[in-house]
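Inspection log for the structure reproduced underneath, given as structure tokens.
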Amino acid sequence: MKNEQNNREESVTDGLHTVSYVADAQGEQELISGSVWQPVNIVNRQAWEEIEEHIAASKENVAQGRVSCLHYYMIANQMDTGLLAKYTGQVRCLVRLHLVPFIFRRLGRKTLDRYAKVFLVSPEDLIQGILKEPVYNQE
């Protein structure tokens, strides 16, 4: 496969630098910029669509009062309760309890500060239930 013949369609990476190995004219492997394997782009696109569906469902659950805003932030930042517990220095069962709106409203300032620090939001945003962009979308 020659470098000139590679089909480099826009991928999910949107500006992130990627590299691929291709065979040059002498048959030796070399690195080129971009992805030359279209199935990778398709799978990545499908994965991000799935993530966006989970985020939308979480927003809906927060709006309906089924879960606290921590659920949205956890899903939007691709975390589970175990990972969030590790980031905040808590046990997993406490994080699960904090996903319940009734219990979340009773959290102390120190606990809210822990969550706010992880999600790069203010404790007031958490208290008010303001849903901001995920960490990976923030500049």
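The values are calculated or read from the model by the stated rules, or taken from the named source; none is laboratory data. Only a predicted model underlies this, so the values are computations on that prediction, with no experimental measurement involved. The accessibility values were calculated without ligands, DNA or RNA, using every heavy atom of the protein model including side chains. Shrake-Rupley method; radii C 1.70, N 1.55, O 1.52, S 1.80 Å.
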_Could you tell me how many cubic angstrom of Cα convex hull volume the range 37-128 has per residue?_
99
*If ligands, DNA and RNA are left out, what is the accessible area of residue 96 with a 1.4 Å probe, given in Å² to the nearest 10?*
130
*For the range 29-130, give the percent of accessible area contributed by carbon and sulfur heavy atoms, probe 1.4 Å, rounded to a whole number.*
57
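Order 102, 119 by their accessible area, 1.4 angstrom probe, all chains in place, largest first.
Details: 102 115, 119 0 Å².
Putting 102, 119 in descending order of accessible area: 102, 119.
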